[in-house]
Amino acid sequence: MPQRPLSDRYSTVAVALHWLVAIGIVYNLVETLVFFDDNTPRSAIDLHKSVGITVIGLVVMRILWKIGNPAPKPMPSLKVWERKLSVSTHHLLYLLMAFVPLAGWLHDSAWKGAATHPLTLYGVIPWFRIPLFGGMNDAGKDWWHETLGGVHEWSGKLLAILVALHIAGALKHQFLDRQPQFRRMWFGK
């Protein structure tokens, strides 16, 4: 089967998934880094969980779409180091876009109060917790909850750094290098 020619733009589906994932990640990062503290209301925490689980699903869809629909080739104007940094950053972004919310879901699943507070996405869709901690005593659950919370927090901070690097790279190429970077990842012709 012959390969279709690659465009210099991402497909409409890839663009839509990119921006939906970006909105979810930026929302959760800003909410967590700026607004979360010991007095955060349960409704905000529940929304954070809902957005995180949604991001996992969208990332899986992005990966599946990417397998069957190759991305455009890197811009020819990129220097070798820029191309290597871009590829490395994108690989780490994909890894962390799945890992951070999964670590959060595991963190929530280990919560000893989980049985008395069902997980409901957006207050409407009943959702399950990952059943790794069901037979554990409260001390074990507390240890896993605390440990996975730390993993979720620190991997989230690394994700925030990579998102900032990704945005900085896109801005550099668009405004300093005067390349049509934004056109590649936006809707329309």
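Nothing in this text is a laboratory measurement; each read-out follows from the coordinates by a stated rule. These figures come from a predicted structure and were not determined experimentally. Note that each Cβ is placed from the backbone with ideal geometry, even for glycine, and that neighbours are counted across all protein chains shown.
In the chain, a dipole from Cβ-located charges (positive for Lys and Arg, negative for Asp and Glu) runs towards its positive end, and of Gln179, Gly113, Val151 it is Gln179 whose Cα lies farthest in that direction. To the nearest 10 degrees, how steeply does helix 138-171 sit against the main Cα axis of the chain, on a 0 to 90 scale? Value to nearest ten degrees: 20. Using C-alpha pairs under 8 Å with a sequence gap of at least 6, the mean separation divided by the residue count of the chain gives a relative contact order of 28 percent.
Order by neighbour count: Ile161, Ile56, Ile25, fewest other Cβ atoms within 10 Å first, most last. Listing Ile161, Ile56, Ile25 from fewest to most nearby Cβ atoms yields Ile161, Ile56, Ile25. Using a Gaussian network model of the chain in which every pair of alpha carbons under 10 angstrom is joined by a spring, one finds that among Lys157, Lys79, Lys49 the greatest mean-square fluctuation is at Lys79.
Once the Cα atoms are used to define both axes, helix 42-68 deviates from the longest principal axis of the chain by about 40 degrees. Contact order, relative form, for segment 111-189: 17 percent (alpha carbon pairs under 8 Å, 6 or more residues apart, mean separation divided by residue count).
Hey, got the dipole for the chain? About the Cα centre, +1 on K and R Cβ, -1 on D and E Cβ, debye to the nearest 20?
Numbers: 19 positive and 12 negative charges, 251 e Å.
Dipole about the Cα centre, nearest 20: 1200 debye.
Set against the labelled values (1) 8, 21, 13, 8, 7, 8, 13, 15, 7, 1, 0; (2) 9, 38, 37, 13, 2, 0; (3) 8, 31, 31, 18, 10, 2, P(r) over Cα pairs in 10 Å bins from 0, in percent computed from this structure falls on (3).
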